[in-house]
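These notes concern the structure reproduced below.
Just so you know, all these numbers are worked out from the coordinates, no wet-lab data involved. Here the structure is a predicted model, which means the values were calculated and not measured. Every residue, glycine as well, gets a Cβ built from its backbone with ideal geometry; the counts of neighbours run over all protein chains shown.
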Amino acid sequence: MTASDALGGQRYFDDVESGDEFTDSWSPTGEQVVAFLTVSNRTAPGPNRFTDDEEARKIGMTKAIVPGQMSLCRATDFVTDWMGPSGRLRSIDVNFRRPAVHDEPLKVVGLITDTLDDDGATTVKLDVYFENERGERPLQGVAVVELPRR
Amino acid sequence: MNDSSKRWYMDLHSHSTDASDDAGGTVEGYAKWIVARRKRGYQIDGFVLTEHRQYDPDSDYRALSEQYGVSILRGAEVETDIGHVLVYGITPEFVRAFDLRQVSLPHKEVFRVALETGGYAVAAHAGRPRIGLAHYIDDEHMTIDGIQTVEQLNGGSSVDENNVGLALAERFGLKRVGGSDAHYVSAIGRCMTAFGRPIHTVEDLVQELLHGEYYPVTVEQTLEAGAASGERHA
């Protein structure tokens with residue numbers, strides 16, 4: 001199942017179980033990074049590690065990198081697309097273990113690791129991560145989502 | 001060692017929210033996930049918590065282990081002058097010998113004292129730049145003295161990095177293990193070590209690491225092994 005399958009629909013607690021996986025893809029471009037930096041008011045003057053390969057290489061990166069906040073936004077977007085409009089994202093907590101770089105194809109993965117029904121409060125725990133073609137996971141995290149019953 | 005039905009699959013490298021501040025997986029979450037994976041045909045018998053730079057002798061996961069039918073053992077991941085090292089069978093003598101919070105412990109001492117006090121040490125994620133053994137052998141000209149085993153297959157390393165670990169192991173004739181390096185629930189068991197005997201205690205683990213025959217596997221390989229030989233966890 002891809003996250004886009006859930007777009008426009010509603011995910012229900014009754015329909016999910018531990019082990020369910022949903023995926024999407026993301027290949028952040030330089031233009032998207034510049035747009036993100038602009039709208040988030042984080043544009044630094046001149047070339048920098050987020051916009052310029054040479055600047056990124058100066059600090060040991062292979063090429064320009066994707067800002068962590070942008071990756072977090074993509075992961076959050078991925079989860080909220082999946083849960084649907086009546087879901088509630090209670091928390092999302094990520095860490096960045098490897099750099100994500102421009103134009104690198106990333107598989108975005110959500111895996112349900114637990115479902116909890118605590119006196120009618122129905123929540124789902126998910127692992128969320130990005131995986132690149134080398135098998136590295138630049139972003140890993142946990143989201144907790146409240147889903148309605150049918 | 002061709003009869004896969006006799007393998008015992010242990011993840012030798014994991015971190016939890018109980019003691020690693022960069023982890024998001026709980027110990028119970030790991031156990032639940034393993035039960036869920038078994039239902040899908042994967043074989044995961046247990047895991048070792050190797051929290052960063054510490055060892056709490058009072059932590060006890062026996063109740064969880066019994067509840068979920070999963071071996072849950074404890075070790076530590078310490079930091080040395082040849083990168084990170086996994087230690088199993090940690091004794092009070094070992095803890096007294098080192099300040100585990102330090103990030104550049106003398107590796108020869110760590111390997112030696114672990115062995116002399118009834119434990120066993122393994123060079124973690126051997127192919128990983130800066131924190132794996134290969135980097136220190138190839139770039140820093142350290143020696144392999146005292147090191148018998150490397151974590152060649154690490155779930156947090158890239159394919160290329162694991163291949164570097166494999167080349168190192170083959171070059172020096174080192175034994176190889178696998179571990180997920182899980183920090184999040186769904187990563188537990190991603191890479192493991194296949195043993196020839198059941199491992200229920202850390203003493204069992206140390207004995208197997210010392211004298212047994214073992215090799216690293218991915219979780220997908222256990223699926224193939226289960227299909228070929230009948231699943232242990234129905």
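Determine ³J(HN,Hα), in whole Hz, for all residues of segment A:10-23 in sequence, where each value follows from phi through the Karplus function 6.51 cos²θ - 1.76 cosθ + 1.60 and θ = phi - 60°; x replaces Gly and Pro.
Result, rounded to whole Hz: 10, 8, 10, 4, 5, 9, 10, 8, 4, x, 4, 10, 9, 9.
As a test of the formula, what do you get for chain A when each DSSP H run with n ≥ 4 contributes -39,500 (n - 2.57) and the sum is divided by the residue count, at 222 nm and rounded to the nearest 500 deg cm²/dmol?
Details: 3 runs with 32 residues, N = 150.
Mean residue ellipticity, 222 nm, calculated: -6500 deg cm²/dmol.
Within 10 Å of each Cβ in peptide A:102-111, how many partner chain Cβ atoms are there on average? Round it to a whole number, please. Write down the numbers at each step before the final one.
Working: counts 0, 0, 0, 0, 0, 0, 0, 1, 1, 6.
Average per residue, whole number: 1.
Could you check the spin-label model distance between B:Arg197 and B:Val95? Points 7 Å from the Cα along Cα→Cβ, value in nm.
2.7
Direction-averaged shadow area of the convex hull around the Cα atoms of segment A:54-150, nm²?
Working: hull surface 27.5 nm².
One quarter of the hull surface, i.e. the mean projection, equals 6.9 nm².
Using θ = phi - 60° and the Karplus relation 6.51 cos²θ - 1.76 cosθ + 1.60, list the HN-Hα couplings for segment B:27-33 in order, rounded to whole Hz, with x at every Gly or Pro.
5, 5, x, 4, 5, 4, 5
Determine which residues of segment B:192-220 fall in the zone a paramagnetic label at B:Asp18 would reach in this model, i.e. backbone nitrogen under 14 Å from the point 7 Å along Cα→Cβ.
B:202
Where does segment B:30-162 land on the Kirkwood hydrodynamic radius, alpha-carbon pairs, in angstrom? Walk me through the intermediate numbers first.
Details: mean 1/r = 0.0631 Å⁻¹.
About 15.8 Å, per the Kirkwood formula over Cα pairs.
Non-local amide H neighbours of B:Tyr215 (under 5 Å, H modeled in plane, Pro and chain starts lacking H): which ones?
Sorted by chain and number, the residues that satisfy this are B:Ala194.
Just name one of B:Gly41, B:His52, B:Ala31: the one whose Cα is farthest towards the positive end of the charge dipole of the protein assembly as shown (beta-carbon charges, Lys/Arg +1, Asp/Glu -1).
B:Gly41
Specify which residue in the list B:His141, B:Val110, B:Leu73 is farthest towards the positive end of the charge dipole of segment B:4-229, using unit charges on the beta carbon of Lys, Arg (+1) and Asp, Glu (-1), about the Cα centre.
About the Cα centre, the residue reaching furthest to the positive side is B:Leu73.
Just checking the output field for A:135-141: average partner chain Cβ neighbours within 10 Å of each residue's Cβ?
Values: counts 9, 6, 6, 0, 0, 10, 3.
Counting other chains' Cβ atoms within 10 Å and averaging over A:135-141 gives 5.
About its Cα centre, how strong a charge dipole does segment A:7-150 have in debye, to the nearest 20, once Lys and Arg get +1 and Asp and Glu get -1 at the Cβ? Let's see the in-between values first.
Values: 17 positive and 25 negative charges, 107 e Å.
I would put it at about 520 debye.
Sum up the charges of everything whose Cβ sits under 11 Å from the Cβ of A:Gly46, counting Lys and Arg as +1 and Asp and Glu as -1, but leave A:Gly46 out. Numbers along the way, then the final one.
On the way: positive: none; negative: A:Asp52, A:Glu55.
So the surrounding residues net to -2.
Could you give the size of the charge dipole of the protein assembly as shown about its Cα centre, using +1 on the Cβ of each K and R and -1 on the Cβ of each D and E, expressed in debye and rounded to the nearest 20?
Working: 39 positive and 61 negative charges, 39 e Å.
Charge dipole, the protein assembly as shown, about its Cα centre: 180 debye, nearest 20.
Which residues' amide hydrogens lie under 5 Å from the amide hydrogen of B:Ala76, considering only partners 5 or more residues apart or on another chain, with H built in the peptide plane?
Placed amide hydrogens put B:Val87 under 5 Å from B:Ala76.
Can you give the average number of partner chain beta-carbon atoms within 10 Å of each beta-carbon in peptide B:182-192, as a whole number?
Working: counts 2, 7, 13, 9, 14, 5, 1, 0, 1, 0, 0.
Shielding by partners across B:182-192 averages 5.
If you plug each phi of segment B:168-184 into the Karplus form 6.51 cos²θ - 1.76 cosθ + 1.60 with θ = phi - 60°, what whole-Hz ³J(HN,Hα) values come out, in order, with x for Gly and Pro?
4, 4, 5, 4, 10, x, 8, 6, 10, 10, x, x, 6, 6, 5, 10, 10
Take the alpha carbon gyration tensor of the protein assembly as shown, find the square roots of its eigenvalues, order them as a ≥ b ≥ c, and report rounded if a/c is under 1.5; if not, report prolate when a/b exceeds b/c, else oblate. Intermediate values should be presented prior to the final figure.
Working: a/c = 1.89, a/b = 1.25, b/c = 1.52.
Here the protein assembly as shown falls in the oblate category.
Treating the beta-carbon of each Lys and Arg as +1 and of each Asp and Glu as -1, no other charges, what is the dipole magnitude of segment B:4-229 about its Cα centre, to the nearest 20 debye?
Charge dipole, segment B:4-229, about its Cα centre: 760 debye, nearest 20.
Which Cα, out of A:Gly60, A:Gly9, A:Val34, lies furthest along the positive dipole direction of chain A (beta carbon charges, K/R +1, D/E -1)?
Checked the options; the winner is A:Gly60.
Determine the sum of side-chain charges near B:Leu100: Lys and Arg each +1, Asp and Glu each -1, restricted to other residues whose C-beta is under 11 angstrom from that of B:Leu100.
Details: positive: B:Arg53, B:Arg96, B:Arg101; negative: B:Glu51, B:Asp56, B:Glu77, B:Glu79, B:Asp99.
With Lys, Arg at +1 and Asp, Glu at -1, the net is -2.
Over segment B:4-229, what lengths in whole Å, largest first, do the semi-axes of the equivalent ellipsoid take, defined as the square roots of 5 times the eigenvalues of the alpha-carbon gyration tensor?
Working through the eigenvalues yields semi-axes of 25, 20, 16 Å.
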